[in-house]
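Just below is one structure, and these are the notes that go with it.
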Amino acid sequence: MTAPAPALPPAARRGLLARLRRGGLAYLFVLPTVLLLAWYAYYPAYIALTRAFTDWDGLNTPNFTGLENFRQAVTDPAMGQASLNSALWVGLGLGLAVIPPLLVAELIFHLRGPRRQYAYRTLFIVPIVIPSLVLLLVWGSFYRSDGLINQLLGTLHLGGLQREWLSDPHTALLSLIFLGFPYIDAFNLLLLYAGLQNIPGEVIEAARLDGATGWRRIWTIDLPLLGPQLRLIGLLAIIGNVQYFISPLVLTGGGPGNATTVPALLMYQTAVKFGQYGYAMSIAVMLLIVVVVLTLLSQRLGRLSQGARL
């Protein structure tokens, strides 16, 4: 016969109860955040996943239609054009998210004196306080026929290059993608600058003694050691550009034709303009799948590249 387990001494029981009470109070404080997150984030996601298989107008009882919404999305010419536009946007947007901030971070990092670095870093970060809508409206005025870009081209005697930038199907999408010169995202800049600061001084000095300066140092030293920051920026850029639709919505409405339509904008217009919430949610589910696949693929490529360097 086994002996009964020894009872906890009174002091240990009191300590356990005290820890439970402290933990319970912490959970009580976290509970409102969890409830709000569940209601405003997880519940809408659940609705989107379940209503994507229905014919629903947002008000009446949804009718289950199986995979009909997804079949419609796959065969819709507008969705096909939007997917091509999004692929181009993601590819070019990835380059804009990485290359300009990296170059500026390198330039700031190589300035002599912390005060100069701080001053220039601040100059590039200050524009973050400007609302993005203001930026879009300002660039919309630049792209007008009498806007700044055409005026500059006329001053340089390049009138043959003047365009109705947002009304021409050949230039509208690229105009939106390259909106926001000089393309210095403050978060990406700070992340890369912090990564450069974390490179040990011994590594930099050894590279200098070996003759690795300028572009050679950036390619052989900085880029490999900035791998985690570059992968994070790339991942966020892919996710953000797949889901982005604000500038087409504000400046072009997806036109001319479907030249600037992207899947996220098509989803918005399908729901808001035409009341086809079931079809819109099927597009949202497809975007979710694309984001997950691209995220896993980018992480896989990042691990492979890291393993190859090691």
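The values are calculated or read from the model by the stated rules, or taken from the named source; none is laboratory data. Since this is a predicted model, take the numbers as computed values, not measurements. Heads up, the Cβs are rebuilt from the backbone with ideal geometry, glycines too, and the neighbour counts pull from every protein chain shown.
Structure notes:
- The set of residues in region 36-49 being under 19 Å from M286 (Cα atoms) and surrounded by fewer than 15 Cβ atoms within 10 Å (Cβ to Cβ) consists of A41, Y42, Y43, P44, A45, Y46, I47, L49.
- Selection status of V104, among the aliphatic types (A, V, I, L, M), surrounded by 18 or more Cβ atoms within 10 Å (Cβ to Cβ) and more than 19 Å from S247 (Cβ to Cβ): yes
- Residue in region 194-201 that is modelled with pLDDT under 95 and touching a Leu at 6+ places or on another chain (Cβ under 6 Å) present: yes
- Candidates are the residues of region 54-76 that are part of a helix (DSSP H, G or I) and either among the hydroxyl-bearing types (S, T, Y) or without any contact (Cβ under 8 Å) to a residue 40 or more places away in the chain (or both); the one that is surrounded by the most Cβ atoms within 10 Å (Cβ to Cβ) is E68.
For (1) farther than 27 Å from G302 by Cβ; (2) in contact (Cβ under 8 Å) with a residue 24 or more places away in the chain; (3) surrounded by fewer than 18 Cβ atoms within 10 Å (Cβ to Cβ); (4) acidic (D, E), each residue gets a yes or a no:
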| site | (1), (2), (3), (4) |
| --- | --- |
| Q197 | no, yes, yes, no |
| E202 | no, no, yes, yes |
| A207 | no, no, yes, no |
| L232 | no, yes, yes, no |
| L236 | no, yes, yes, no |
| I246 | yes, yes, yes, no |
| G253 | yes, no, yes, no |
| P263 | no, yes, no, no |
| M267 | yes, no, no, no |
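- Qualifying positions in region 127-178 - farther than 19 Å from P256 by Cα and of a type in the set (V, I, T): I128, V129, I130, V134, V138, I149, T155
- When residues of region 208-254 are limited to those that are in a loop (DSSP other than H, G, I, E, B) and in contact with a helix residue (DSSP H, G or I) (Cβ under 6 Å, 6 or more places away or on another chain), the one modelled with the lowest pLDDT: A212
Condition check ((1) at pLDDT 90 or above; (2) touching a strand residue (DSSP E or B) at 6+ places or on another chain (Cβ under 7 Å); (3) among the aromatic types (F, W, Y)) across all residues:
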site: D55; (1), (2), (3): yes, yes, no
site: F64; (1), (2), (3): yes, yes, yes
site: R71; (1), (2), (3): yes, no, no
site: V74; (1), (2), (3): yes, no, no
site: V90; (1), (2), (3): yes, no, no
site: L94; (1), (2), (3): yes, no, no
site: I99; (1), (2), (3): yes, no, no
site: L107; (1), (2), (3): yes, no, no
